[in-house]
1. Could you identify the single residue in LEU320, LEU347, LEU316 that is touching a helix residue (DSSP H, G or I) at 6+ places or on another chain (Cβ under 8 Å), surrounded by 19 or more Cβ atoms within 10 Å (Cβ to Cβ) and either of a type in the set (Lys, Arg) or within 21 Å of ASP169 (Cα to Cα) (or both)?
2. Looking only at segment 1008-1019, decide whether some residue is in contact with a helix residue (DSSP H, G or I) (Cβ under 7 Å, 6 or more places away or on another chain), surrounded by 18 or more Cβ atoms within 10 Å (Cβ to Cβ) and modelled with pLDDT of 80 or more.
3. Please verify whether VAL670 is over 28 Å from PRO607 (Cβ atoms) and modelled with pLDDT under 95, treating the condition exactly as stated.
4. Do we have any residue at all in segment 413-426 that's farther than 24 Å from HIS798 by Cα and part of a loop (DSSP other than H, G, I, E, B)?
5. Going residue by residue through segment 305-322, is there one that turns out to be under 23 Å from PRO193 (Cα atoms), in a loop (DSSP other than H, G, I, E, B) and among the small types (Gly, Ala, Ser)?
6. Does any residue of segment 382-392 turn out to be touching a Ser or Thr at 6+ places or on another chain (Cβ under 7 Å) and surrounded by fewer than 22 Cβ atoms within 10 Å (Cβ to Cβ)?
7. Listed residues GLU434, GLU373, GLU439; which is of a type in the set (D, E, K, R), under 29 Å from the mean Cα position of the chain (by Cα) and surrounded by fewer than 21 Cβ atoms within 10 Å (Cβ to Cβ)?
8. Quick check on segment 570-597: of everything there that is part of a loop (DSSP other than H, G, I, E, B) and of a type outside the set (Val, Ile, Thr), which residue is modelled with the highest pLDDT?
Amino acid sequence: MNHVRVPRVQHRLWLADQLTPGDAGYLGSTFLRLRGPLDTGALERALTTIVTRHEVLRTSLDTREGELAGVLRPAAGFRLGTRSISEDALGAALAAEAATPLDISAGLPLRALLLRLAPDDHVLCLTVHHLAFDRGSVGVLYRELTELYAGRDLPPVPRQFRDLAAADDAAYDAGELASIVAERREALADLSPFELAPDHPRPQIRGGEGALRHGFALSDETARGLAELARAQGASLYMVLLAGVHALLYRYSGRGDVTTGASSSTRREPVIGPFFNMLVLPGDVSANPAFTELVGRVRDAALDAYDSRALAFDSLVTELRVERDPSRTPLFQILVDLTAPVTLPDLDGIEVDEILTPGGGSKYDLTIEFRREGDGVAYSVEWDTALYESTTVMRLMAHLRAVLDAVAADPSLRVDEVPVLADAEVIGLRAHAEPGRVELPERCLHELFSDQAARTPAAVAVQDSADTLTYAELERRVDAIARALAARGVGADTPVGVMLERSADLVAVVLGVLKAGGAYLPIEPDTPPARVRRLLDLAGAELCVSADDVAELLLGDGPDPDPVRPGHLCAVYFTSGSTGEPKGVACTHRGWVGQMANLQERYQLAPGEAVLLKTPLTFDDVAREIFWPLMAGARVVVLPPGLHRDAQALLRAAIEHEVVWLQFVPSMLVMFLDEIGTDAREGLHALRHVVSDGDRLRPETVAAFYDRLGCRPRLNNHWGTTEVSIDSTHHVCTPADADGGEAVCLGRPMENHEVYVLDHTLQPVPHGAVGELCIGGVGLARGYVGDPGKTARAFVPHPWRAGERVYRTGDTGRLRPDGSLQYRGRRDHQVKVRGVRIELGEVEAALRAYPGVTDAVVATWEPLPGDKRLAAYVSFDGPAPAVSEVRAFLGERLAPQAVPSAIVALPKLPRMPSGKVDRRSLPEPDPDTLSDEPFVPPRTDTEVAIAEVWSAVLGVPRLGANDDFFAMGGHSLLVTRAVNRMREAFALDIPLRLVFEHSTVRAAAARLEELIFAEIEAMSDDEAARLMVAET
């Protein structure tokens, strides 16, 4: 055995094989049906001669002294295996042969098997690893097999594969391809990863399992039309077919940048070997081009790629510095090829037919292979079965046929006009989106409360730490407040600011605003005055109720309010706006009554049961903790201000008051679950339902829920938006949701809510395709206060019902195979941070308003898994100001959650050749730059302990004595985590407010020491003595 050098292309294929051992995707199988008097000896001699002639067929690869080396083995190692088999067993045998791996380290990269069905009926199975063989090698093998089976000699092979490949490697190493490298680097600089949304979470390592389906064909009329179009556009048939695939992928994804791959032959001589290269074909389907224009775009991109085929794919990946990901192939996930027919071997007296391979694996997510068959075109599809269901792929192929039929008939169609869905499919998609409508009471929120107060006047309605009010008592307070507000000019649709801490008074004021005809505008009491004025001005609110106003309002001086109707406003909620101005959502009684009716239908709240009012008023979810229980005769238990961040306090309240229903954003749910031990689980015996809302629910959170609480209570996942009355979908979680890598599904639409998956023209996308989630039904808000332009852009005419509207959420999603909805992401730069919607454009606009800022961009980062924060990257026209100054400036203009935790000064922002900000090149924030404070080491043991706890929670390497928890990236949820760890470290019941009131390490340590000394002083002599013994 001789050792030979391994060319670069084989090195890449070997590495891919090692990453997915046993992957049949790197095998090629050829099956020939041989009918007639076969000379098996001549066949074996011919095959042995071919193996002898082409060294690559007898070269195995293995590591030698740490380096990959080729081992040239003698041809005597080749054998033609034989086996008898029945016709019935043939299919299974071929499938097994195609999927059985080859041992490329110890044997030949070729296996030959002759299956004998009858004396004059055989099937020749040739299985070759791609290390030694490509599609073009088939023609070489067939021609040589024809000659050698007939006993004719062949001239020697002038140059072996490794000689030709070595010349290619030498050209690259000598820099002869530098111009091609530069051209491809520029052409692919803006390339974003593209994939067709999978049915299942992508495995961390591609397994290579695949399936292959043949039998698709275009009609003769379509094939002729596409060929004529190719001639007219100066393109090849492949380019037209690829344009059709790109149009379909655009319709399935909504993305104008579609990237696919193609294989291209680099064979210069009739030699067997892997003379192929993978080409990256970036597609541009933007701006709704006519199909003829799209063909031109594809033609130009393909010709550019063909001109670069001398540059090996692996070298291209290296030059582009693509980060390797074992879960996917680099640069593209979908391969599209067109193959020409191969002349079958001519064996004397034998009828030879090719059996299409059953497939055994898949190197890519999808491979679509077109084949010329006479004047027609057939095609097959191979897919990764770990990603896609067969029904999804078959639907895709049917839609590909529809696209190609349509553009062959009328190439002038624009891609948005190309018909993809049949009428029956549209009907089915609408059935998924429209669960039906149920009749709602023609009542307002406060009226439904009054109805309940009339039924159960003596029952407890609301209780806080200072007050317990019956329904009758609460009703009297609401009446008084409503009259007082009416006397101050509050009437139908009048916005009224409400700036109160959580309390029974808050409940009364909110209901009083509604009864007066007004709409409450929630404002946190600690909001900076400048932002308060801005919100009031934007809403057109002339009145704002604060704690100082409540006593006067309760006097009830004023007239009875005018009647209120369900179409009137009940609330104005401001959400982040991309232009820099927040948007005020005008919520109606009708929409929110529908939300409460849905809750009651699903969760069946009974009279006297408790719901915990813990959510800040500035979150629309709070409506479910106020209005729903008061409509059902239940009681609202008010959690004291500030404690909504304290998971331990939440747990105590839920146990003490026997709360039956709780809602959380997922990040807070995680902290709540962390507090639950065996005793707490038993104490939560009344809890029936927990709702996760406001952000994606992760499988690991579901797993923690079942671990801590079991199957009772139930965990429910909601999704929705303020613009459509809080929530629109519902999913009851099961233990199966704890598996997988994707977020838990959104479920199905609630009654009176319609959730469509639409493209940008508001037409339905195919089942499984990604589109924008658009909501219709009775829950739609009136629009945005004082902004008809934004209202018209977001609340658009209903695609099917004149006079109705749908709301464009900006969220993208898809229908899963089971008909439930799956969230996919955002079409814009809106993000959610701790359940709060934030438009990055609003934060960027605020940054650009800072004096001296020349450029700014905001992105998200996670210093710790699951801890999403904002990072601002800013360029200044002079020296960068102190971070604290910029943060204070933003705090006057933005909601607290929208103020970036990291502000990074850069000389200039990195940009792509297109001019767009290259977000992938933005550096991760340096923890040492989060604060302006010079590092001062902690001095006392208490300071050291607090610094260690806080640095671990914040994900920073160190904290000094003067470092501020919030300046270093802290937020309310991290405060909860930090205080919990401090409680463990100091064995002391530390109040959550300690960090808010003493936010530096030194200040927190000083206050903590005061608490420790106070506890010691309160001890009796016996307790102190026991403590001293325990310490020793």
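The values are calculated or read from the model by the stated rules, or taken from the named source; none is laboratory data. Remember, it's a predicted structure, so these values are computed and weren't measured experimentally. Neighbour counts run over all protein chains shown; Cβ positions are idealised from the backbone, glycine included.
1. On inspection, the qualifying residue turns out to be LEU316.
2. yes
3. Judged against the criteria, VAL670 is a match.
4. Checked against the condition, which is being farther than 24 Å from HIS798 by Cα and part of a loop (DSSP other than H, G, I, E, B), segment 413-426 yields at least one hit.
5. Yes, there is a match, as at least one residue in segment 305-322 is under 23 Å from PRO193 (Cα atoms), in a loop (DSSP other than H, G, I, E, B) and among the small types (Gly, Ala, Ser).
6. No, segment 382-392 has no match at all.
7. The match here is GLU434.
8. Applying the filter and picking the extreme gives PRO582.
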